[in-house]
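This report refers to the structure that appears directly beneath it.
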Amino acid sequence: MHELSVAMSIADLALDEARKAEAKQIKELEVEIGEWAGVDSEGLLFSLDAVLKSNPVLRHTKVTLRKHSPLMHCGSCHSDFRPKAPYIRQCERCGAENVELLHGRELSLKSLTIDD
Ligand SMILES: [Zn+2]
């Protein structure tokens, strides 16, 4: 039930924002999710739907998932590449270990649209 707890924390964040803005409803939520975030996007959508429906501020909120494929950047040869597995720690082009994951592990509330 990992997706459910993620959905609940996203809803909490959205409610905080709504409170700050004194909004009565939130029109849209945009959630970023990486392929390697460890969360199933279908499951998350399903859980979000259930969580949002139970709250008057979020009842009519439309959810958009922005999915991110894994992308790595090499600090040595400055190339970007798609790593084949999460445990890859080497540049595919030059073999350097000076690599970082740019995308793939996102899991956050990117933006929300308030209806006031
Ligand atoms: Zn490289």
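Just one of (1) within 16 Å of the ligand (Cβ to nearest atom); (2) touching a His at 6+ places or on another chain (Cβ under 8 Å) trips up ARG89, so point out which.
Evaluating ARG89 over (1) within 16 Å of the ligand (Cβ to nearest atom); (2) touching a His at 6+ places or on another chain (Cβ under 8 Å) leaves (2) as the failure.
With the condition kept exactly as written, say whether any residue in the range 51-61 is of a type in the set (Val, Ile, Thr) and without any contact (Cβ under 8 Å) to a residue 40 or more places away in the chain.
Among the residues of the range 51-61, not one is of a type in the set (Val, Ile, Thr) and without any contact (Cβ under 8 Å) to a residue 40 or more places away in the chain, which makes the answer no.
Go through the range 29-54 residue by residue and tally those that are of a type outside the set (Ser, Thr, Tyr) and either in contact with a Gly (Cβ under 7 Å, 6 or more places away or on another chain) or loosely packed, with under 15 Cβ neighbours inside 10 Å (or both).
10
Could you list all residues from the range 76-116 that are surrounded by 15 or more Cβ atoms within 10 Å (Cβ to Cβ), more than 24 Å from GLU30 (Cα to Cα) and within 24 Å of the chain's Cα centre (by Cα)?
PHE81, PRO83, ILE88, VAL99
Could you check LEU58 against (1) surrounded by 14 or more Cβ atoms within 10 Å (Cβ to Cβ); (2) within 16 Å of the ligand (Cβ to nearest atom); (3) of a type outside the set (Gly, Ala, Ser) and say which number it fails?
Going through the list (1) surrounded by 14 or more Cβ atoms within 10 Å (Cβ to Cβ); (2) within 16 Å of the ligand (Cβ to nearest atom); (3) of a type outside the set (Gly, Ala, Ser), LEU58 breaks only (2).
Within the range 62-86, restricting attention to residues that are out of contact with any strand residue (DSSP E or B) (no Cβ under 9 Å at 6 or more places or on another chain) and within 8 Å of the ligand (Cβ to nearest atom), which residue is nearest to VAL6 (Cα to Cα)?
HIS78
Since every read-out is calculated from the coordinates, none of them should be taken as a lab result. From a predicted model like this one, the values you see are computed outputs, not experimental measurements. Note that we place each Cβ from the backbone using ideal geometry, even for glycine, and neighbour counts take in every protein chain shown.
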